[in-house]
Amino acid sequence: MSFIKRETPIPGCFELLPAIRRDSRGMFIKIFHAGQFREFGLATDFKEEYYSVSKKGVLRGLHFQDPPAALSKLVFCVEGDILDAVLDLRTGSGTYGRAFTIKLSTRKANMLYIPKGCAHGFFALSRRVVMLYKTSAVYSPEHDKGILWNSAGIKWPCKNPILSPRDRSFPEFRNLASPF
């Protein structure tokens, strides 16, 4: 097995731990294997892949896309350390409105699989963070939504993070009429 799949407090959201091959040159890490992802019951038909670069203290999120453009994500740190957060927006879920956080790091090479119906965000803990995202649907500006970072009970490590004007303008979670 190339990956270990660990449950998280949010159903359908999993931490994935790949096998890390280390030698005197550094590390080699497989980030995706269609057969194994299918065995785990995860999306394998990714439509888009992109990355972000952030400096320490940046908070990105909480982002999601409305149906019919809702998407699942596979996220991981190519460089650095983050505190990653997932908020369940699925009204039929037993964990609706609950969030959890997990540290993702280059050294550990852990990844997070986030199902449709969850909002996602992260806080950059290290001087430089490079995050890679694989998504099951393409970016759709008209379906792109968000929730105010500090309105969902997430314990962020900073009370005054660096935010984009867009992320600062999102509505509070209590005002969300969830489409999921």
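Just need a number here: residues in the range 108-138 that are out of contact with any Gly (no Cβ under 6 Å at 6 or more places or on another chain), under 11 Å from residue 79 (Cα atoms) and assigned to a strand (DSSP E or B).
Residues that pass the stated criteria total 4.
From the list 159, 145, 155, pick out the single residue that is basic (Lys, Arg) and part of a strand (DSSP E or B). Talk me through it step by step, then tell me what you get.
Numbers: 159 fails: part of a strand (DSSP E or B); 155 fails: part of a strand (DSSP E or B).
Sole residue among the options that is basic (Lys, Arg) and part of a strand (DSSP E or B): 145.
Being more than 14 Å from the chain's Cα centre (by Cα) and either modelled with pLDDT under 95 or surrounded by 13 or more Cβ atoms within 10 Å (Cβ to Cβ) (or both) is the filter here, so list the residues in the range 130-146 that pass it.
Quick first cut of the range 130-146, residues more than 14 Å from the chain's Cα centre (by Cα) only: 137-145.
Hits for the range 130-146 are 137, 139, 140, 143, 144, 145.
If I filter the range 1-28 down to residues being β-branched (Val, Ile, Thr) and either without any contact (Cβ under 8 Å) to a residue 60 or more places away in the chain or in a loop (DSSP other than H, G, I, E, B) (or both), which single residue comes out as surrounded by the most Cβ atoms within 10 Å (Cβ to Cβ)? Give the derivation first.
The first filter runs over the range 1-28 and keeps only residues β-branched (Val, Ile, Thr), leaving 4, 8, 10, 20.
Retained after the next criterion (residues that are either without any contact (Cβ under 8 Å) to a residue 60 or more places away in the chain or in a loop (DSSP other than H, G, I, E, B) (or both)): 4, 8, 10.
Numbers: 4: 12, 8: 17, 10: 21.
Across the range 1-28, the extreme among qualifying residues is 10.
Quick check on my filter: what residues within the range 29-47 are assigned to a loop (DSSP other than H, G, I, E, B), over 26 Å from residue 89 (Cα atoms) and among the aliphatic types (A, V, I, L, M)?
Of everything in the range 29-47, just one residue is assigned to a loop (DSSP other than H, G, I, E, B), over 26 Å from residue 89 (Cα atoms) and among the aliphatic types (A, V, I, L, M), namely 31.
With respect to residue 60, determine if the residue is surrounded by fewer than 14 Cβ atoms within 10 Å (Cβ to Cβ), out of contact with any Cys (no Cβ under 9 Å at 6 or more places or on another chain) and outside any loop (DSSP other than H, G, I, E, B). Before the answer, list the steps.
On the way: surrounded by fewer than 14 Cβ atoms within 10 Å (Cβ to Cβ): no; out of contact with any Cys (no Cβ under 9 Å at 6 or more places or on another chain): yes; outside any loop (DSSP other than H, G, I, E, B): yes.
So residue 60 does not fit the description; no.
Every residue in the range 29-50 that is loosely packed, with under 11 Cβ neighbours inside 10 Å and either within 20 Å of residue 80 (Cβ to Cβ) or of a type in the set (Phe, Trp, Tyr) (or both), please.
Passing the criteria: only 50.
I'd like the full set of residues that are charged (D, E, K, R) and in a strand (DSSP E or B), limited to the range 64-94. Give the steps one after another, and end with the answer.
Taking the range 64-94 and keeping what is charged (D, E, K, R), we get 66, 73, 79, 81, 84, 88, 90.
Of everything in the range 64-94, those that are charged (D, E, K, R) and in a strand (DSSP E or B) turn out to be 73, 79, 81, 84, 88.
The values are calculated or read from the model by the stated rules, or taken from the named source; none is laboratory data. Values in this document were obtained by computation on a predicted structure and should not be read as measured data. When we count neighbours, we look across all protein chains shown, and the Cβ atoms used for this are built from the backbone with ideal geometry, even at glycine.
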